[in-house]
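Step one of this worksheet: look at the structure below.
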Amino acid sequence: MKRTRIILYIIILFLLNHLLVEAQKAPMKWGKVEAADLQMSSYLPDSQANAVVLCDYATYSFDFGTDENLYRVSRHRRIKILTRAGFDEGNVIIPYYKRGGSGLTVKAQVVQPDGSKVEIAKREMFDEQVYESRYNKRIAFPDLLEGSIIE
């Protein structure tokens, strides 16, 4: 009887464990840039910084029903360009694996210091095959200015 009760508690613990993993909210939303981030002209902890990563988070989801897309990763990264030397952050390479018809979906944009947004078109993103099923997605963010934010 005691052993059955312990096994029951362990099963309940495992069933409720996923609630703890999904309890955090995303720290930012796509395209919603705070005014304080746009007005930032230097980074106080490092006044010599050329660029600052404002936020970088990812979510993972699993689909056990299909063989092709077993898992999906969504990543959101936002970088503030502070100086001309920080323009190098505008050249992004994203490595990924491509199996069958599945690939990589990317949204990218530049938020100018005045708050205007420049969406990066799909034709401005290039796929480069590295190995048989390994690719790199290359993005060169256009129209960067000091004070721009890329995401």
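Provide a single number: the residues in segment 106-151 that are touching a His at 6+ places or on another chain (Cβ under 8 Å) and open to solvent by 40 Å² or more (accessible area, probe 1.4 Å). Reasoning before the result, please.
So the first thing to find is which residues in segment 106-151 are touching a His at 6+ places or on another chain (Cβ under 8 Å), and the list is 151.
Cutting the leftovers down to open to solvent by 40 Å² or more (accessible area, probe 1.4 Å) gives us none.
Residues flagged as touching a His at 6+ places or on another chain (Cβ under 8 Å) and open to solvent by 40 Å² or more (accessible area, probe 1.4 Å) within segment 106-151 amount to 0.
The residues of segment 28-64 that are among the aromatic types (Phe, Trp, Tyr), under 20 Å from His76 (Cα atoms) and either open to solvent by less than 50 Å² (accessible area, probe 1.4 Å) or part of a loop (DSSP other than H, G, I, E, B) (or both) amount to a single one, Trp30.
Assessment of segment 12-19 against the conditions (open to solvent by less than 100 Å² (accessible area, probe 1.4 Å) and modelled with pLDDT of 75 or more) yields at least one matching residue.
The single condition among (1) surrounded by 11 or more Cβ atoms within 10 Å (Cβ to Cβ); (2) at pLDDT 80 or above; (3) over 19 Å from Asp143 (Cα atoms) that Arg78 does not meet is (3). Every test in (1) free of Cβ contacts under 8 Å to residues at least 40 places away in the same chain; (2) outside any strand (DSSP E or B); (3) among the aliphatic types (A, V, I, L, M) is passed by Leu144 save one, and that test is (1). Going through (1) farther than 28 Å from Val92 by Cβ; (2) at pLDDT below 80 one by one, Ile7 falls short only on (2).
The values are calculated or read from the model by the stated rules, or taken from the named source; none is laboratory data. Keep in mind it's a predicted model, so treat the numbers as computed, not measured. Backbone-built Cβ (ideal geometry, glycine too); neighbour counts: all protein chains shown. Remember, those area values only see protein heavy atoms, side chains included, never the ligands or the DNA or RNA. Shrake-Rupley method; radii C 1.70, N 1.55, O 1.52, S 1.80 Å.
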